[in-house]
Amino acid sequence: MTLDRLNRSVSKIQIKIMPVLGKIESNQYFRNMKNAFLYFNYILLVSSVIAIAKQLNLMFIHNHSFELLVSKALLLLTNNCGWLFLAILCFLLYREHGNLYYYICSSVVYLLVSGEHLSDARTELLLLPLLALLVGFVLITGYQFILKSIKKRLNIPMKFLDNLLLMLYFGFAFLGCYLLTRYWSQLGIRNVINEINIDNPFMVFLIVFLETFLWYIGVNGYGILAPVVLLFATSNLNANFHAMALGETPKYIFTPNFWDYFLSATGAGITGALVILTLLSKKAKLRQLGRSSIGGACFSVSEPIIFGIPVVMNPYFFFPLVVGTPILGVVQWFVFKMGWVALPTYFVADMPLPFAALLATLDWRSLILTLGTIGLATLMYWPFFKAFEANYVETKGSHKYDDLDLDF
Amino acid sequence: MENLSICLACNLGASTSILVKKMNEVAATSKKLAAVQLKIDAIPAGNISMETAKSYQVIMLGPQVGHRHQEIEQKVAGLDIPVVVIDAADYGSMNAANILKEAIYQIKTHN
């Protein structure tokens, strides 16, 4: 009864939130941010290969020249990550809308605001390119507005006016940006920005909660959250690479690897646990569903099991999915924080389990963490699954396709 | 029906890629589809445009991107092809046969 009431409330939220989510995902900036991260993955992969080579050299080979070489290469990549991200984002936006001058202006602004602090590879790493993009857009819009206003009042050769205004306006605007950045540094705002981070238990809970809640209402939570979460998580990963290049110890836990290979091990909501439970089910249809979901779970793809059972809007699974998995996420975060498993410092893209966890940490104890997480998640889902299973009715297929005259 | 071209879309094209493989396997066992030139692709929903969709007869969205149905339908409005959200139960159980049937059903009954 309580679960039904809960589902009615969630259903009301679902109706209100769906059109908003649709609008967010169709937004050009949101879409291009998401795509920018997809392309940026290649840079993270290259950095990871170099970092792994450096670590293996430290552990087994001890070659000094090689150590120097990989450290320099890694430093070069981490120092210029902001530029690379800005370039990818600008290219994607330009490809869609043209207007190259927006992106040239943003690049100059980025050069001015990053300046001598380029080696500062922390949270602001990917926030600064976004800020530069925004300031670039504001400056160009301001220039166009002033030019239009002047042209309304004065009747002089247009090209001359355009060039004169362009020189004066952007000369002073860029100088202003530069001065502002220097003032900004003195105020310590850079440090404040660097303190805004997601690498704490509260944010781990919140992010996993939001992700699983979105899955519960039938929306790909990762797809909605990725542009914002990856902004911080990727900065953290780059900061870890940067620390490694300098011979320091990486310190950030919440990296894309932590999200992909640990928080979402076997799929968002640790749904591999449900694959195990369906495989052990007494109902033939659920067992069949479990068998067809094994492949997806190995690659952390949760859709088959989430829509197959279905978990979506199924009140039996609200608590383990939406409340339980965030708690498991916090537990995992603390395991890393306590130093029981090496930090997930290496990005290995779409590698399947258990190789993803192993390569991301280069630590065999990550396998125990992954197994332990799946085991705990199975125990957590078990009573809810049993209650669901007891009321599960196997349905028969419809006759909608009978007229198609097909043989499958 | 000599040609069948189906576009499947999800968030990153990952889960629909699994489905593409299964749908091709189902089609390969069918004698009725033996003479049909079949093309099934999986792409991220965000990449659907008039340009990418023009070579398909139907666009099928994974239920997890079902909330983008209207947006995608508007994007390809000029092509006059059906845009449908795959049944959640069929998608979840990776019932490739039913999803292939639905694609053929949509193509045949469109307009």
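The values are calculated or read from the model by the stated rules, or taken from the named source; none is laboratory data. Note that the structure is predicted; figures quoted are calculated from it, not measured. Cβ placement follows ideal geometry from the backbone for every residue including glycine, while neighbour counts extend to all protein chains displayed. To get the accessible areas, we keep the full protein, side chains included, count just its heavy atoms, and leave off ligands, DNA and RNA. Shrake-Rupley method; radii C 1.70, N 1.55, O 1.52, S 1.80 Å.
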message = I need the P(r) histogram for segment A:227-350: all alpha carbon pairs, bin width 5 Å from 0 out to the longest distance, whole percents.
response = 2, 11, 17, 19, 17, 13, 9, 6, 3, 2, 0, 0
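Just checking the output field for A:32-42: average partner chain Cβ neighbours within 10 Å of each residue's Cβ?
Shielding by partners across A:32-42 averages 1.
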ask   = Label-point separation (nm) for A:Tyr101 and B:Ala35, each offset 7 Å from Cα along Cα-to-Cβ?
value = 6.1 nm
Heavy-atom accessible area ranking, 1.4 Å probe, most first, across B:Asp90, B:Asp80 = B:Asp80, B:Asp90
key: Inter-probe distance in nm under a simple model that places probes 7 Å from Cα toward Cβ, at A:Lys386 and A:Phe174   = 7.1 nm
ask   = Mind checking the log10 I(q)/I(0) for chain A at q = 0.06, 0.08, 0.12 Å⁻¹? Debye, one equal scatterer per Cα, no solvent, two decimals.
value = -0.33, -0.55, -1.02
ask   = In the full protein assembly as shown, how much of A:Trp83 is accessible to a 1.4 Å probe, in Å² to the nearest 10?
value = 70 Å²
inquiry  = Can you compute the label reach from A:Leu166? Point 7 Å from Cα along the Cβ direction, backbone N cut-off under 17 Å, restricted to segment A:85-105.
reply    = A:99-105
message = Output the 0 to 90 degree angle, nearest 10, between the alpha-carbon long axis of helix A:221-245 and the longest principal axis computed from the alpha carbons of chain A.
response = 70 degrees
note = Probe 1.4 Å, all chains present, heavy atoms only: A:Asp4 accessible area in Å², nearest 10, is 80 Å²
key: Percentage relative contact order, segment B:1-110, counting C-alpha pairs under 8 Å, at least six apart   = 32 percent
query = With every protein chain kept in the model, how would you rank B:Glu25, A:Glu303, B:Glu2, B:Glu51 by accessible area, 1.4 Å probe, largest at the top?
reply = B:Glu2, B:Glu51, B:Glu25, A:Glu303
remark   = Hits in segment A:122-153: amide N under 14 Å from the 7 Å Cα→Cβ extension of A:Leu210, namely none
ask   = Which of the trypsin sites (Lys or Arg not before Pro) found in segment B:1-108 are in a DSSP loop and have at most 10 neighbouring Cβ atoms, other than their own, within 10 Å?
value = B:Lys31
ask   = Relative to the Cα centre, what is the charge dipole magnitude of chain A, using +1 at the beta carbon of each Lys and Arg, -1 at the beta carbon of each Asp and Glu, and rounding to the nearest 20 debye?
value = 880 debye
request  = Provide, for q = 0.15, 0.20 Å⁻¹, the log10 of I(q)/I(0) from a solvent-free Debye sum over equal Cα point scatterers in segment A:273-408.
outcome  = -0.83, -1.23
query = How far is helix A:365-390 tilted off the main Cα axis of chain A, in degrees rounded to 10, range 0 to 90?
reply = 50 degrees
remark   = Once phi for every residue in segment A:197-202 is put through the Karplus expression 6.51 cos²θ - 1.76 cosθ + 1.60 (θ = phi - 60°), the whole-Hz ³J(HN,Hα) values, with Gly and Pro written as x, are 8, 9, 8, 8, x, 5
query = Where does the longest stretch of chain A lie that holds no GluC sites (Glu not before Pro) found in a DSSP loop with 11 or fewer other Cβ atoms within 10 Å?
reply = A:1-247
ask   = In square angstrom, rounded to the nearest 10, how much accessible surface does A:Asp260 have for a 1.4 Å probe?
value = 40 Å²
ask   = Considering only A:Ser48, A:Ser9, A:Ile276, whose Cα is most displaced toward the positive end of the charge dipole of the protein assembly as shown, charges sitting on Cβ of Lys, Arg (+1) and Asp, Glu (-1)?
value = A:Ser9
message = Checking a compactness column here: for chain B, what do you get for Rg(Cα) / (2.2 N^0.38 Å), N being the number of residues?
response = 0.98
message = Just to confirm the number: angle between the C-alpha axis of helix A:2-26 and the first principal axis of chain A, 0 to 90 degrees, nearest 10?
response = 30 degrees
ask   = Treating the beta-carbon of each Lys and Arg as +1 and of each Asp and Glu as -1, no other charges, what is the dipole magnitude of segment A:127-263 about its Cα centre, to the nearest 20 debye?
value = 960 debye
message = Students often forget the sequence filter, so: which lysines lie under 25 Å Cα-Cα from A:Lys285 once same-chain residues fewer than 8 apart are removed?
response = A:Lys386, A:Lys396, A:Lys400, B:Lys21, B:Lys22, B:Lys101
request  = Taking the Cα centre of segment A:244-398 as origin, sum charge times position over the Cβ atoms of Lys and Arg (+1) and Asp and Glu (-1), and report the length of that vector in debye to the nearest 20.
outcome  = 520 debye
Hull volume in cubic angstrom per residue (convex hull over the Cα atoms of segment A:251-317) = 86 Å³
